[in-house]
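One structure is given here, and the rest of the page talks about it.
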Amino acid sequence: MDPMQSNALESYSSVNGITCGDIMYEFIASKANQKRPEATADQANKLMTCFNASVVKIQESPCKELRQSYADCLLPSESVTASRRTSCLALQSKLQECAAMHVGRLD
C-alpha cells in the first residue's frame, strides 16, 4: 500500500473505531498495563492488520466516494471557516454510518 497523506489517514481513522474498536481497546489496555513495547507487539500487529483490512473494505464498499469527499474536505485550506468544519463533521458522520452499515466489525 502506498503511503497516505494526513487527510487520507484521518479520513480512515474516523471509521477504525467502528471497524476495529475491540482490537483498538485491547491494544490501548495492553499499552497501559505493559511497561515494555515488545509486550504489546501481538496486539499492535492485530490492530495494524485490522486497520489495513478496514482500508481495503472501505475501498470496496459504497463508502469509497464518501471517504474521498471527507478526505478532500480535510485538506488544508487558506480559509478554514466554521461552516467548512461543520460540513466536514457532517461528512465524517455520514462516513461512519456508511462504514457501520456496509463494512461492519472486522475484529
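Excluding same-chain neighbours fewer than eight residues apart, the aspartates and glutamates reachable from Lys57 by a Cα-Cα span under 19 Å are Asp2, Glu10, Asp22, Glu65, Glu97, Asp107. Simple point charges give the picture: +1 on the Cβ of Lys and Arg, -1 on the Cβ of Asp and Glu, and for the chain a dipole about the Cα centre of about 200 debye.
Based on alpha-carbon atoms, the Kirkwood radius and the radius of gyration of the stretch 1-64 give Rg/Rh equal to 1.03. Rounded to the nearest 10 degrees, what's the angle between the helix 82-102 long axis and the longest principal axis of the chain, both from Cα atoms, 0 to 90? That helix lies at roughly 50 degrees to the long axis. By the Stokes-Einstein formula, at 1.002 mPa s and 20 °C, the chain with its Kirkwood radius over alpha-carbon pairs has D equal to 145 µm²/s. Taking the 0 to 90 degree range and rounding to the nearest ten, how far is the long axis of helix 6-19 tilted relative to the main principal axis of the chain, both from C-alpha atoms? Helix 6-19 and the main axis of the chain meet at about 60 degrees.
Compared with the dominant Cα axis of the chain, that is its longest principal axis, helix 21-33 is turned about 50°.
Values quoted throughout were computed directly from the atomic coordinates according to the rules given, and no laboratory measurement underlies them. As the structure is a computational prediction, the values presented were derived from the model and not from experiment. Cβ coordinates were reconstructed from backbone atoms using ideal geometry, including for glycine residues, and neighbour counts include every protein chain displayed.
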